[in-house]
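The values are calculated or read from the model by the stated rules, or taken from the named source; none is laboratory data. These numbers come from a predicted model, not from an experiment. Note that each Cβ is placed from the backbone with ideal geometry, even for glycine, and that neighbours are counted across all protein chains shown.
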Amino acid sequence: MTRRTTVLVLVGVLAAAALCTSLSSVPSGQIQARQQAVLSGLSEHAKADFDFTPPLQTAGRHIVDADGKRFKLASINWYGASDVHFVPGGLDKRHRTELAATIRQMVFNSVRFPYSDQMVIDNPIIPPEVIAANLDLLDDLKPNASSRADGEPTGPRALDVYAACVKAMTDAGIAVIPNNHITNAHWCDGKNLCDASWKNSQYGSLCKVRQTTETWIEHWKTIMEPHIDNPLVIGADLRNEPRGIWGTMTWNMWATASEKVSEALLAMQPNWLMFVEGVSSANDVSGARTRPVKLSIPDRVVYSSHVYQWSGWSTLVPYHSRPYPSFAMDMERNWGYLLRGNIAPVWLGEFGSPSNGDERDHHYWDNLMQYMRESDVDWGYWALNPRKPEQYDNETYGLLKDDWKTPVEDWRYKDLMKLSAPLS
């Protein structure tokens, strides 16, 4: 290494250290003051959307609070902890407290918050560059500095960052629903059978990250344990889009596993809601008609479905090509019957469309908006993020611009706001 190279490397190291020092030294009081300024500027209508008395439970087709008043979930998905960097997106751009304030300012009263089982298993130390706007998390390590061996890497671990983001959201009055999104940390691994369901032990050594039903339950307990006494962590979305090789994933198999993990979680905190997605990638909740999920504590089950324009496999005609009567019939068969019959709440936990949508995207979207208005279903839009983590690809479904601050106020956002208030 030449003297010039050595100097350049040293300058780079010092610059990086100065950046880290300056970011981590921002007083937390200033950050919280900025959050409070945003929250105090909310309209009275927006504040009303967050006004509920925990704990929540179900009453027929509705989620209701401790006073018996309906709490309609108007949620946003904030992803990243389930992905390759093991942290929620945007923490390199803005402080988690400010992100929570932005979510609330956008009038989302709840967040679906994905994680991966690999995140729980590995729980890696998070490098500063992916949490560059949240280096105050390093301060939590200072009291334990003397217990670390010389040369041991320093930094918060993935579970610490996840829990800190949950706290930031609930401190802002936002309800949070952790979601077991995927086994192997990845943005989407839809073709990988090892990620198709809550367990993959049946595939043996084919799976890089192996999991049984028992380890899946233990991971859930690890995720939820820090939030037992946080009333705004309202429940658990048990598994994202369970599926299997054609014909091998029955509703009964999934319902039985859901009951098992739910009982373990309710033993920790009996007030949590259990969100049970449909099979066939969460599309189909029709099995609950004859085989409902039953728990030892009543009024805790919320069913969940996902609806995208490419869905609709039951008749091999995707929803982007369905006339409204056909589309509505599928919604009724898959999950609408639960609402119409006042049987159980349904949360449309994922749906979305690109900002530059074509004719097919708009056809699907218009049909879905009509059915959601008519059914008054609870919902969660995919997604907040403007970018996908792995190669930082553009997230065309995202509702924030690259600054992680400015909403993309297009036709999607405007339609969502019309859905946020429950029907009288």
Notebook entry, point to check: under 27 Å from Ala421 (Cβ atoms), out of contact with any Leu (no Cβ under 6 Å at 6 or more places or on another chain) and of a type in the set (Phe, Trp, Tyr), is that true of Phe86?
Noted result: no
Next item on the list: State all residues of region 242-284 that are surrounded by fewer than 17 Cβ atoms within 10 Å (Cβ to Cβ) and either of a type in the set (Phe, Trp, Tyr) or touching a His at 6+ places or on another chain (Cβ under 9 Å) (or both); if no residue qualifies, say none.
Entry: Trp246
Next item on the list: Report the residue count in region 268-289 for those that are within 23 Å of the chain's Cα centre (by Cα) and without any contact (Cβ under 8 Å) to a residue 40 or more places away in the chain.
Entry: 5
Item checked: Any hit, region 384-407, residues being under 30 Å from Gly341 (Cβ atoms) and touching a strand residue (DSSP E or B) at 6+ places or on another chain (Cβ under 6 Å) -> no
Check: Would you call Pro345 within 27 Å of Leu99 (Cα to Cα) and surrounded by 22 or more Cβ atoms within 10 Å (Cβ to Cβ)?
Finding: no
Notebook entry, point to check: Tally time: how many residues in region 237-289 are outside any helix (DSSP H, G or I) and either within 22 Å of Tyr308 (Cα to Cα) or modelled with pLDDT of 95 or more (or both)?
Noted result: 30
Checklist line | Of residues in region 198-241 being small (Gly, Ala, Ser) and touching a strand residue (DSSP E or B) at 6+ places or on another chain (Cβ under 9 Å), the one surrounded by the most Cβ atoms within 10 Å (Cβ to Cβ) | finding: Gly235
Item checked: The one condition in (1) modelled with pLDDT of 95 or more; (2) closer than 24 Å to Tyr397 by Cα; (3) surrounded by fewer than 20 Cβ atoms within 10 Å (Cβ to Cβ) that Trp310 fails to fulfil -> (1)
Checklist line | Checklist (1) out of contact with any Leu (no Cβ under 6 Å at 6 or more places or on another chain); (2) crowded, with 21+ Cβ neighbours inside 10 Å applied to Asp378, failing item | finding: (1)
Next item on the list: Would you be able to say whether some residue in region 222-245 is closer than 16 Å to Lys191 by Cα and β-branched (Val, Ile, Thr)?
Entry: yes
Margin query: Among (1) under 20 Å from Leu419 (Cα atoms); (2) in contact with a strand residue (DSSP E or B) (Cβ under 9 Å, 6 or more places away or on another chain), there is one condition His362 misses while meeting the rest; what is its number?
Written below: (2)
Next item on the list: Please work out which one of (1) touching a helix residue (DSSP H, G or I) at 6+ places or on another chain (Cβ under 6 Å); (2) under 25 Å from Leu73 (Cα atoms); (3) at pLDDT below 95 is the condition Asp189 fails and give its number.
Entry: (2)
Item checked: Which listed residue is closer than 21 Å to Glu374 by Cα and either surrounded by 20 or more Cβ atoms within 10 Å (Cβ to Cβ) or at pLDDT below 95 (or both), from Val302, Val317, Val293 -> Val302
Item checked: Which listed residue, of Thr170, Thr154, is at pLDDT 95 or above, surrounded by fewer than 21 Cβ atoms within 10 Å (Cβ to Cβ) and either under 21 Å from the mean Cα position of the chain (by Cα) or assigned to a loop (DSSP other than H, G, I, E, B) (or both) -> Thr170
Next item on the list: Scan region 321-339 for residues that are farther than 22 Å from Val276 by Cα and either surrounded by fewer than 22 Cβ atoms within 10 Å (Cβ to Cβ) or within 25 Å of the chain's Cα centre (by Cα) (or both) and report the count.
Entry: 6
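Can you pull out the residues in region 340-360 that are over 23 Å from the mean Cα position of the chain (by Cα), over 19 Å from Val279 (Cβ atoms) and at pLDDT 95 or above?
Of the residues in region 340-360, the ones over 23 Å from the mean Cα position of the chain (by Cα) are 340-343, 356-360.
Narrowing further to those that are over 19 Å from Val279 (Cβ atoms): 340-342, 356-360.
Across region 340-360, the qualifying residues are Arg340, Gly341, Asn342, Asp358, Glu359, Arg360.
Hey, among the residues in region 96-105 that are out of contact with any Gly (no Cβ under 7 Å at 6 or more places or on another chain) and closer than 22 Å to Gly235 by Cβ, which one's surrounded by the fewest Cβ atoms within 10 Å (Cβ to Cβ)?
Our first condition is that a residue be out of contact with any Gly (no Cβ under 7 Å at 6 or more places or on another chain); within region 96-105, this holds for 96-98, 100-103, 105.
Right, trim to closer than 22 Å to Gly235 by Cβ and you get 96, 100, 103.
On the way: Arg96: 27, Ala100: 27, Ile103: 23.
Out of the qualifying residues, it is Ile103.
Identify, from the list Thr53, Thr58, the residue that is in contact with an Asp or Glu (Cβ under 6 Å, 6 or more places away or on another chain), free of Cβ contacts under 8 Å to residues at least 24 places away in the same chain and surrounded by fewer than 24 Cβ atoms within 10 Å (Cβ to Cβ). Spell out how you get there, then give the answer.
Working: Thr58 fails: free of Cβ contacts under 8 Å to residues at least 24 places away in the same chain.
Only one candidate qualifies: Thr53.
Please count how many residues of region 367-424 are of a type in the set (Lys, Arg) and within 28 Å of Ala328 (Cβ to Cβ). Break it down into steps so the answer makes sense when it comes.
Applying the first criterion (of a type in the set (Lys, Arg)) to region 367-424 yields 373, 387-388, 401, 405, 412, 414, 418.
Adding the requirement that they be within 28 Å of Ala328 (Cβ to Cβ) leaves 373, 412, 414, 418.
The qualifying residues number 4.
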